[in-house]
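Student: First, the structure itself, so that you have it in front of you.
The values are calculated or read from the model by the stated rules, or taken from the named source; none is laboratory data. Predicted model only: the values in this text are computed from it and were never measured. Reconstructed Cβ throughout: ideal geometry from the backbone, glycine too, with neighbour counts over all protein chains shown.
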Amino acid sequence: MKQYETDRLLSRADVEEIFGISKRYLEIAAQRKDGPCMIKIGRSVRYRVGDIRHWIEQCAVAATAGKGAGS
């Protein structure tokens with residue numbers, strides 16, 4: 001994946017292409033107020049690369065040792 005500056009602004013289409021998070025998911029998450037931080041400029045919605053990366057890290061779930069389908 002190409003490295004982008006953390007302050008670079010991305011459209012929803014850019015986020016989908018770069019991070020694989022669908023535009024529709026971002027729209028729904030914005031309505032529920034549980035998605036990545038967004039910036040509104042007029043009618044445009046933009047996301048900072050750093051905010052997307054931070055949100056992804058917050059969504060990480062650690063594996064639980066000894067738990068699983070076979071345990």
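Student: Considering only residues of the stretch 13-29 that are in contact with a helix residue (DSSP H, G or I) (Cβ under 9 Å, 6 or more places away or on another chain) and assigned to a loop (DSSP other than H, G, I, E, B), which is surrounded by the fewest Cβ atoms within 10 Å (Cβ to Cβ)?
Tutor: In this case the residue turns out to be S22.
Student: Taking into account only those residues within the stretch 30-58 that are part of a loop (DSSP other than H, G, I, E, B) and buried (at least 16 other Cβ atoms within 10 Å of the Cβ), which is nearest to the chain's Cα centre (by Cα)? Step through it out loud before you land on a result.
Tutor: Step one: filter the stretch 30-58 for residues part of a loop (DSSP other than H, G, I, E, B), giving 33-38, 42-43.
Filter once more, so that each one left must be buried (at least 16 other Cβ atoms within 10 Å of the Cβ): 35-36, 38.
On the way: G35: 7, P36: 5, M38: 10 Å.
Across the stretch 30-58, the extreme among qualifying residues is P36.
Student: Now a separate question. Do we find a residue being over 19 Å from E57 (Cα atoms), surrounded by 12 or more Cβ atoms within 10 Å (Cβ to Cβ) and modelled with pLDDT of 95 or more anywhere in the stretch 3-10?
Tutor: The initial filter retains those residues of the stretch 3-10 that are over 19 Å from E57 (Cα atoms), namely none.
There is no residue in the stretch 3-10 that is over 19 Å from E57 (Cα atoms), surrounded by 12 or more Cβ atoms within 10 Å (Cβ to Cβ) and modelled with pLDDT of 95 or more.
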